[in-house]
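Okay, structure first, notes after.
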Amino acid sequence: GAAVPLDCWIETLQHADDWTGYTHQWRTASPAWGQLAMASVDSLDQYHEAKALGYRTFRVTTQQVRASAREIGCPAAAENGARVQCADCMLCNGAKRAADIVILDHAAGYQRRIA
């Protein structure tokens, strides 16, 4: 992600049909990264902070997914019926002007973190 200069990514992605991208470094990286990557956020506070910096967001939650007014549940997530594969959806391309995404945490061990 942000460890590679932004101009290198821009040049490389000119040759791609589509891509997905996320950064946890949205607070410290140039806001210009928002033209390629979504801010990966873990709370509504972080969501609002990233939005103020101009990012679209991908929010992971450990609670029942409650989308904010500008979010949709990830269409590829099990809790949303896994209606599409990520490779076909491509909503997580930061360059797209689309809704922000929210998803229930499905990482191994997440249930232990909230117990």
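The values are calculated or read from the model by the stated rules, or taken from the named source; none is laboratory data. Everything quoted here is computed from the prediction, not taken from an experiment. When we count neighbours, we look across all protein chains shown, and the Cβ atoms used for this are built from the backbone with ideal geometry, even at glycine. Each accessible area value is taken on the protein alone, full model and side chains, heavy atoms only, with ligands, DNA and RNA left out. Shrake-Rupley method; radii C 1.70, N 1.55, O 1.52, S 1.80 Å.
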Here the residues within the stretch 66-89 that are open to solvent by 40 Å² or more (accessible area, probe 1.4 Å) and either at pLDDT 90 or above or among the aliphatic types (A, V, I, L, M) (or both) are Ala67, Ala69, Ile72, Ala78, Ala82, Arg83, Val84, Gln85, Cys86, Ala87, Asp88
Selection count, the stretch 28-69, where residues are within 12 Å of the chain's Cα centre (by Cα), part of a loop (DSSP other than H, G, I, E, B) and not hydrophobic (A, V, I, L, M, F, W, C): 3
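Does the stretch 68-75 include one or more residues that are within 16 Å of Met90 (Cα to Cα), touching a residue at least 40 places away in the same chain (Cβ under 8 Å) and not aromatic (Phe, Trp, Tyr)? Don't jump to the end; show me each part of the working.
The first filter runs over the stretch 68-75 and keeps only residues within 16 Å of Met90 (Cα to Cα), leaving 71-75.
Next, from what is left, pick out any that are touching a residue at least 40 places away in the same chain (Cβ under 8 Å): none.
No; the residues of the stretch 68-75 include none that is within 16 Å of Met90 (Cα to Cα), touching a residue at least 40 places away in the same chain (Cβ under 8 Å) and not aromatic (Phe, Trp, Tyr).
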Please work out which one of (1) farther than 22 Å from Ala87 by Cβ; (2) open to solvent by less than 70 Å² (accessible area, probe 1.4 Å); (3) in a loop (DSSP other than H, G, I, E, B) is the condition Gln25 fails and give its number. (2)
Failed condition for Cys92, given (1) at pLDDT 90 or above; (2) more than 22 Å from Cys8 (Cβ to Cβ); (3) assigned to a loop (DSSP other than H, G, I, E, B): (2)
